[in-house]
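Worksheet: the structure to be examined is printed underneath.
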Amino acid sequence: MTLIHPLQNTLTSRDGSLVFAIVKNSILSFKYQSSNQWEFVGKWTDDFDKAQDIKKNVTKEQQRQISENDTKNKKLKSNKGDSIIKTEAKIPAPGIGAPPIYSYIRNLQLTPDESKLIACADSDKSVLIFTVDRASKTNVLKLSKRFSFPKRPNAISIAEDAATVIVADKFGDVYSIDMNSSPEDKFTQEPILGHVSMLTDVCMVKDSEDHQLIITSDRDEHIRISYYPQCYIVDKWLFGHKHFVSSICCDKDHVLLSAGGDNEIFAWDWKTGENLSTFDYSDLIKPYLNDQHLAPSRFQNEENDIIEFCVSKIAKINNLPFVAFFVEATKCIIILEISGKEKGKLSLKQIIDLPYNIISLSAQNDEFQITLDNQKSPQVQSSFAKFIQYNSNDDKFVINDEKSNLFDEVITKSLQEDSNLNAEEDDIYPLYNIASLRKHGEHYS
Amino acid sequence: RAHSNPFSDHQLEYPVSPQDMDWSKLYPHYKDAETGQMTKKVTIADIGCGFGGLMIDLSPAFPETLILGMEIRVQVTNYVEDRIIALRNNTLSRHGFQNINVLRGNAMKFLPNFFEKGQLSKMFFCFPDPHFKQRKHKARIITNTLLSEYASVLKEGGIVYTITDVKDLHEWMVKHLEEHPLFERLSTEWENSDKCVKIMRNATEEGKKVERKKGDKFVACFRRLPTPTIL
């Protein structure tokens, strides 16, 4: 059965009137009016042709080899002894059984004045800068720049000047780019800092003395704090995680929250380096675990009962002392309260059950936005996303059903005919890729 | 095995933080019997210590200093362990070689797990893997991003020692250390007057091999500069 591909991520503007959603290699824009009206206002699709890119590289390499052979005065000869004249380079194509290539879009981020949207494209490992035209009815996003990197960008953050994007890649390096500069043909930049490990998240903060700092988290349990722009000065490490860190987020008063492969959520004072508290969620999540949480077969025991779970994302709403997170491939979000009296103390606020597995979580104002893996929904596809709002009257979070249902409607209406955004079950992009970050120390020497 | 990939997920043991490290197993002689605390901290590190020749010569030269060798290759680490046990047993009466030991680890990833900020006074990088290929340069032990970590565990005024027989690698290390705002190169005069440089030139197994083959040995030493004012 063909269905509309689940939304991989969303981002809402501060006033809530614009919602961007990632589906495959497209970013969709929706306008939301408080009168509960949704409007589809544009789609941008990454049509970067990878084959062209490969062709460029292959041709370049061929040229290099030819000139190298020329300088060495080497003539290529066939077995018979005739000289070979190189024809146009062949472009390697993936063979049968090769893993499929997905051209993800990831990491949506708006600049502070919300005039630009930053995203990352896997296709050419680039950071995309869009201008946001709120007035447009058909095309809110316009691609203005495309900065491509040698390794895949995995997380981005924006510096205080609102013009510098901090890019953390999968190889462990962090680069800074000026949004106003133009992308160069040849990549010559040096990283401003680096880990020898995959970077999973990055966050820019400012201390009381007005110094800017970069917080980076990696797959080797590390959270590192470095000064910016003097990134060569390491301020400190936050030690405590025993497994990978997948997501970090900041709160006021130097509070940092981090989560990943551990059974606990960590709260830190990044200024003093103190671990303020940890919140063990393993008992809370047990009822929600399923076969998807069994360890991969090569790390499994004979009883087949090793269970592994991890936090995919943790997000804080501004202005309110609540932070939400979800465990990969589960049907609930867990909301914690950050104590004001006892700094950084975490306690359970609420667990909200959902009809399907959660894929993404983001936060804006008094609202958490989540997207769901709704492949299994009945005939009429629904539950693409849920908007979970804080109700101050009864001090609880509730799913705004009306808003969520109407959002489902606008998605169904605007995307149903769009064959690019529809998918068979086999074409669904991998939606669960955090658990694979867990290290099992397979290499002995 | 001659090589080990520093990027793979090895079966490694390392403390969650420097405070969690139990050094008394490596240096039992320096454990205070009454308090159970260590009387000294490691201040000299030999990164990629290989067969341990440097440490063994440094040990009597710095009898009051704890010296740690870090090596990523399992077999080599086991060999150095055995070697140190033998040396300790042979000199039991005078407590020889109690100030050196080795551990298996990936310094490129986990150095900050072992050492506090400013803990080290000397770091040695002797005959590191040259990683000739351009695309393998990140696997080199000296890169501008790793130097910030080394600077962080070194105290101000601490010294980085490098030696290699590969000219290209020497130039690479010098370039990156000179470009790094927290390091300054020391003069040839300084090198010639320093006892560690002398030991480093002659002590390591790699150094002796180069000697036999009459190869060149390139030395460069750098001082950790004071951390500048934060902007």
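Rounded, prolate or oblate: which fits the range A:225-353 when a ≥ b ≥ c are the square roots of the eigenvalues of the alpha-carbon gyration tensor, with rounded for a/c under 1.5 and prolate only if a/b beats b/c? Mind showing how you got there, number by number?
Working: a/c = 2.48, a/b = 1.47, b/c = 1.69.
It is oblate, given that a/c is not under 1.5 and a/b is not larger than b/c.
Give the aspartates and glutamates whose C-alpha is closer than 18 Å to that of A:K376, dropping any in the same chain fewer than 8 places away, or say none.
Straight-distance partners of A:K376: A:D291, A:E328, A:D353, A:D408, A:E409, A:E424, A:E425, A:D426, A:D427.
For B:K213, which lysines qualify as cross-link partners when the Cα separation must be under 23 Å and same-chain residues fewer than eight apart are set aside?
Cross-link targets: B:K167, B:K198.
Which trypsin sites (Lys or Arg not before Pro) in the range A:299-382 pass both tests, a DSSP loop state and at most 14 other beta-carbon atoms within 10 Å?
Hits after loop and neighbour filter: A:K341.
Loop-only check: which trypsin sites (Lys or Arg not before Pro) in the range A:181-225 are DSSP coil with at most 10 other Cβ within 10 angstrom?
Values: sites: A:K186, A:K206, A:R219, A:R224; in loops: A:K186, A:R219.
Listed in order of number, the matching sites are A:K186.
I need the chymotrypsin sites (Phe, Trp or Tyr not before Pro) found in the range B:105-169, filtered to DSSP loop residues with at most 15 other beta carbons within 10 Å of theirs.
Values: sites: B:F110, B:F114, B:F115, B:F124, B:F125, B:F132, B:Y150, B:Y161; in loops: B:F115, B:F132.
Answer in residue order: B:F132.
Comparing B:Q134, B:Q37, B:Q75, which has the greatest mean-square fluctuation in the GNM of chain B with Cα pairs linked when under 10 Å apart?
Among B:Q134, B:Q37, B:Q75, the largest mean-square fluctuation in the Gaussian network model of chain B belongs to B:Q134.
Taking the Cα centre of the range A:205-285 as origin and charging only Cβ (+1 Lys, Arg; -1 Asp, Glu), how large is the dipole, in debye to the nearest 20?
Once rounded to the nearest 20, the dipole reads 240 debye.
Say we join alpha carbon atoms closer than 10 Å with springs in a Gaussian network model of chain A; which of A:V19, A:V323, A:V234 then has the biggest fluctuation?
Of A:V19, A:V323, A:V234, the Gaussian network model singles out A:V234 as fluctuating most.
Under the rule a/c < 1.5 gives rounded, and otherwise a/b versus b/c splits prolate from oblate, where does chain B land using the Cα gyration tensor?
Because its axes are fairly even, with a/c under 1.5, chain B counts as rounded.
How about B:K25: which lysines have a C-alpha closer than 21 Å to its C-alpha, ignoring those fewer than 8 places off in the same chain?
Once the sequence-local lysines are set aside, what remains near B:K25 is B:K40, B:K41.
Using +1 on the beta carbon of Lys and Arg, -1 on that of Asp and Glu, and nothing else charged, what's the dipole of the range A:273-394 about the Cα centre, debye to 20?
Working: 11 positive and 16 negative charges, 83 e Å.
Dipole size: approximately 400 debye.
To the nearest 500 deg cm²/dmol, what mean residue ellipticity at 222 nm is calculated for chain A from DSSP H runs of n ≥ 4 alone, each contributing -39,500 (n - 2.57), summed and divided by the residues?
-3000 deg cm²/dmol
Taking Cα centroids, how far is the range A:296-330 from the range A:111-132 in Å?
That distance is 28 Å.
To test your reading of the geometry: what angle, between 0 and 90 degrees and rounded to tens, separates the Cα axis of helix A:401-415 from the longest principal axis of chain A?
So the helix axis and the longest Cα principal axis differ by about 20 degrees.
Which entries in A:K125/A:K403; A:K31/A:K252; A:K271/B:K155 show an alpha-carbon gap greater than 25 Å?
Violating the 25 Å limit, Cα to Cα: A:K125/A:K403; A:K31/A:K252.
Quick one: putting +1 on the C-beta of Lys and Arg, -1 on the C-beta of Asp and Glu, what dipole do you get for the protein assembly as shown around its Cα centre, in Debye to the nearest 20?
2740 debye
If you find the alpha carbon centre of the range A:375-445 and of the range A:238-263, how far apart are they in angstrom?
Taking the Cα centre of each part, the range A:375-445 and the range A:238-263 sit 24 Å apart.
Using only the Cα atoms of the range A:348-445, build the gyration tensor, take square roots of its eigenvalues as a ≥ b ≥ c, and label the shape rounded, prolate or oblate: rounded if a/c is under 1.5, else prolate if a/b is larger than b/c, else oblate.
Taking the square roots of the gyration eigenvalues as a ≥ b ≥ c, the range A:348-445 is oblate.
Once each part is reduced to its C-alpha centroid, what is the distance from the range B:116-153 to the range B:162-223 in angstrom?
Taking the Cα centre of each part, the range B:116-153 and the range B:162-223 sit 14 Å apart.
Taking a threshold of 26 Å on the Cα-Cα distance, which of the pairs A:K186/B:K136; A:K43/A:K331; A:K286/A:K343; A:K24/A:K396 fall above it?
Listed pairs above 26 Å: A:K43/A:K331; A:K286/A:K343; A:K24/A:K396.
FYI, it's all coordinate maths here, none of it is from the lab. Remember, predicted model here, so these are calculated numbers, not experimental data. All Cβ positions, glycine included, derive from the backbone under ideal geometry; neighbour counts span all protein chains shown.
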